[in-house]
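Report on one structure; see the data block that follows.
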Amino acid sequence: MISTDKRNEILTFLREGKATNAEIAKRTGVPLRSVRAIEANLTRGTYDGATQAQSEEASDALEATFGLERDLQIALRKNIEQLKEDLTITDDGKEQTVPSGRIDILAKDAKGADVVIELKAGTADRDAVGQILSYLGDLREQSKKPARGILIAGDFTARAISAAKAAGSIKLMKYAFKFSFHKAD
């Protein structure tokens, strides 16, 4: 949980627009993911007219979502074979930046085609399909090679399913958690 003073300091930096999120995180001693969560709330208008409690609740929820997506990414990078496809991760262990954003995981399939893997915590809507399509467009323009996408989420809205069917080059997959418990001694 971020203190009210720290949150206000971050909001001031963000509103001034003179520092990057990484610089703000360094100056305030707050994790970068928290700065991003606050920025997302600010750009969505969460801080305009909302009470402090509502703003904090929204920020905490967004930060938890970023954390879950990060954890999903780490787990998938370690276990890419769970997708049951012959994929090799090609992004050197970090998100690749393209003109339309940052690709969660970039891989290649057995035929040499690029595979964009996008992860969403919770339910994905058609906006997520649009996001992955923009990444595919960027990659196809850069490399002139075939590319396809895999969108992984806890669930999908009917609009996301329809959009992915229309796109034709995006496969939808649901994640699930499986816990195991072992004696501590």
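The values are calculated or read from the model by the stated rules, or taken from the named source; none is laboratory data. All values reported here derive from a predicted model rather than from experimental measurement. Here Cβ is always computed from backbone atoms with ideal geometry, including for glycine, and neighbour counts include all displayed protein chains.
Could we say that Glu118 is modelled with pLDDT of 90 or more, surrounded by 12 or more Cβ atoms within 10 Å (Cβ to Cβ) and not polar (S, T, N, Q) here? So Glu118 passes the test.
For every residue, the table says whether it meets (1) under 19 Å from the mean Cα position of the chain (by Cα); (2) among the hydrophobic types (A, V, I, L, M, F, W, C); (3) modelled with pLDDT of 80 or more.
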| residue | (1), (2), (3) |
| --- | --- |
| Lys18 | no, no, yes |
| Ile24 | no, yes, yes |
| Tyr47 | no, no, no |
| Gln52 | no, no, no |
| Ala58 | yes, yes, no |
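Between Asp86, Asp125, the distinction of being under 23 Å from Ile74 (Cα atoms), at pLDDT below 95, surrounded by 13 or more Cβ atoms within 10 Å (Cβ to Cβ) and not small (Gly, Ala, Ser) belongs to Asp125 only. Listed by first and then second residue, the pairs linking a residue in the range 74-91 that is under 16 Å from Ala176 (Cα atoms) to a residue that is outside any strand (DSSP E or B), with Cβ atoms under 7 Å apart and 6 or more places separating them unless they lie on different chains, are Arg77/Gly93; Ile80/Leu87.
Of all residues assigned to the range 95-102, none qualifies as being modelled with pLDDT of 90 or more, β-branched (Val, Ile, Thr) and part of a loop (DSSP other than H, G, I, E, B). The listed residues are Gly154, Gly168, Gly122, and the only one of them that is under 19 Å from the mean Cα position of the chain (by Cα) and either closer than 18 Å to Ile89 by Cβ or without any contact (Cβ under 8 Å) to a residue 40 or more places away in the chain (or both) turns out to be Gly154. Restricting attention to the range 132-185, the residues that are of a type in the set (D, E, K, R), farther than 19 Å from Glu81 by Cβ and either in contact with a helix residue (DSSP H, G or I) (Cβ under 9 Å, 6 or more places away or on another chain) or outside the structural domain of Gln96 (by TED's automatic domain parsing) (or both) add up to 4.
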